[in-house]
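Working notes, beginning with the structure itself.
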Amino acid sequence: VQLQAFGGGLVQAGGSLGLSCAASDRTFNNYAMGWFRQAPGKEREFLAAINWNGRSTFYADSVKGRFTISRDNAKNTVYLQMNSLKPEDTAVYYCAGSRITYIASMSRNAMDFWGKGTLVTVSS
């Protein structure tokens, strides 16, 4: 499965931004999906996960209550809505897919395929 992320850009602190990640084929529907980010000089960080049918989600503490992950299997797309953005949210954001069923265990080492990142810059 190939993934392409869209929606990055420049936003002011306190603002909102929505990311989307489109998959190349319908096998996407069989995978749990996740969003990660990587800031300069830092490791890639898990943000949010969603199971294959969208009924279960899990978030890192750093984004819980601010970010929302969702998916539309008819469109082979997963989304990340980001609200109340902070300058420390500045990073390259990545979507990825995994065969895991227990999404609370999702980590960068558990992913089967990755999309190219999209840069999000939050100005103060």
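The table below lists the values:
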item: Per-pair calculated FRET efficiency, R0 = 25 Å: T27 and K86 via Cβ, rounded to 0.05; result: 0.10
item: Dipole magnitude of the chain, debye to nearest 20 (Cβ charges: Lys/Arg +1, Asp/Glu -1, about Cα centre); result: 140
item: Radius ratio Rg over Rh of the chain, counting only Cα atoms, Kirkwood formula for Rh; result: 0.94
item: Using θ = phi - 60° and Karplus 6.51 cos²θ - 1.76 cosθ + 1.60, couplings along the stretch 71-88 (whole Hz; Gly, Pro as x); result: 8, 10, 5, 5, 9, 6, 9, 10, 10, 9, 8, 10, 10, 6, 5, 10, x, 6
item: Sulfur and carbon atoms: percent of accessible area, the chain [1.4 Å]; result: 48
item: Within the stretch 1-95, trypsin sites (Lys or Arg not before Pro) in DSSP loop having at most 10 other beta-carbon neighbours inside 10 Å; result: K42, R55
item: Probe 1.4 Å, accessible area per residue of the stretch 14-124, Å²; result: 50
item: Interchain or long-range residues, amide H under 5 Å from T90's placed H; result: V122
item: Most fluctuating residue given options I50, I69, I100, as computed from a GNM of the chain linking Cα atoms under 10 Å; result: I100
item: The chain - percent relative contact order, Cα under 8 Å, separation 6 or more; result: 36
item: Most positive-pole-ward Cα, L119, A60, A104, against dipole of the chain from beta carbon charges; result: A104
item: Top positive-direction residue, dipole computed over the chain with Cβ charges, set M82, S70, Y94; result: S70
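The values are calculated or read from the model by the stated rules, or taken from the named source; none is laboratory data. As the structure is a prediction and not an experimental result, all values here were calculated from the model. All Cβ positions, even for glycine, are placed from backbone atoms using ideal geometry, and neighbour counts span all protein chains on display. Areas reflect the complete protein model, heavy atoms only, side chains present, ligands, DNA and RNA absent. Shrake-Rupley method; radii C 1.70, N 1.55, O 1.52, S 1.80 Å.
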